[in-house]
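Below: the structure, in structure tokens.
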Amino acid sequence: MGDTMKKRTILTYVIFLIIPLAVGGLSALITYHGMPAYQQLAKPAFTPPPSLFPIVWNVLYVLMGVGAARVWLSGSPDRQKALLPFALQLMANFFWTIWFFGAGWYLFSFLWLILLLWLILWMMASFAKIDRLAGRLQIPYLIWTGFAAVLTFAIFLLNR
């Protein structure tokens with residue numbers, strides 16, 4: 001691989017890592033004011049400690065970015081089409097944070113997570129058609145979002 005190609009590959013990974021990390025960071029910044037209200041909620045016993053959430057989400061955002069970069073670098077004529085669900089799920093992810101932490105709409109947030117799960121599955125399938133590993137890298141995201149849906153529904157039930 002030539003120097004120009006190597007630089008282009010590195011730049012592609014950097015860009016696709018920055019995109020989900022920036023979306024996650026922006027949603028956290030926007031909804032930070034809602035954290036005291038979240039701390040006061042009744043939560044189920046299986047709620048992870050607050051310190052775990054940013055660690056998990058940063059790992060998931062990195063996996064999203066790596067998957068998207070692999071798809072882009074594949075050179076497939078379908079790569080732009082495969083990145084559509086990536087963009088849509090990222091937007092849905094961003095707005096879930098606003099609905100849950102910002103607005104306190106717990107039932108709506110649960111339903112929104114069902115939509116997000118569908119978008120993640122679509123992204124995984126689209127990625128896997130081009131690069132199998134890119135699709136598989138999203139499995140932890142799917143599992144965590146499924147867990148988030150269960151947790152969100154439990155919070156709704158405990159706080160209605």
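Pairs of Cα atoms nearer than 8 Å and 6+ residues apart set the relative contact order; for the chain it is 30 percent. For K129, the lysines whose Cα comes closer than 21 Å to its Cα, not counting residues fewer than 8 places off in the same chain, are K81. Its relative contact order, with pairs defined as Cα atoms under 8 Å and 6+ residues apart, puts segment 79-160 at 34 percent.
Taking every alpha-carbon pair under 8 Å whose residues sit at least 6 apart, segment 12-91 reaches a relative contact order of 51 percent.
Summing Lys and Arg as +1 and Asp and Glu as -1 over all other residues whose Cβ lies under 14 Å from the Cβ of L84 gives a net charge of +2.
Using a probe of 1.4 Å on the protein chains alone, the accessible area found for T4 is around 90 Å². Could you list the residues of segment 80-101 with an amide nitrogen less than 14 Å from a label point located 7 Å from the Cα of K129 in the Cα-to-C-beta direction? Residues passing the 14 Å test: 80-86. Using just its DSSP H runs of length 4 or more, each adding -39500 (n - 2.57), the chain gives a mean residue ellipticity at 222 nm of -26500 deg cm²/dmol after division by all residues.
For the pair Y38 and L142, a Förster radius of 30 Å applied to the C-beta separation gives a FRET efficiency near 0.80, rounded to the nearest 0.05. M5 contributes about 100 Å² of solvent-accessible surface, heavy atoms of the protein only, 1.4 Å probe.
The values are calculated or read from the model by the stated rules, or taken from the named source; none is laboratory data. Quick caveat: nothing in here was measured; it's all calculated off a predicted structure. With ideal geometry, Cβ positions are generated from the backbone for all residues, glycine too; neighbour counts draw on all protein chains shown. Surface areas here come from the heavy atoms of the whole protein model, side chains and all, with no ligands, DNA or RNA. Shrake-Rupley method; radii C 1.70, N 1.55, O 1.52, S 1.80 Å.
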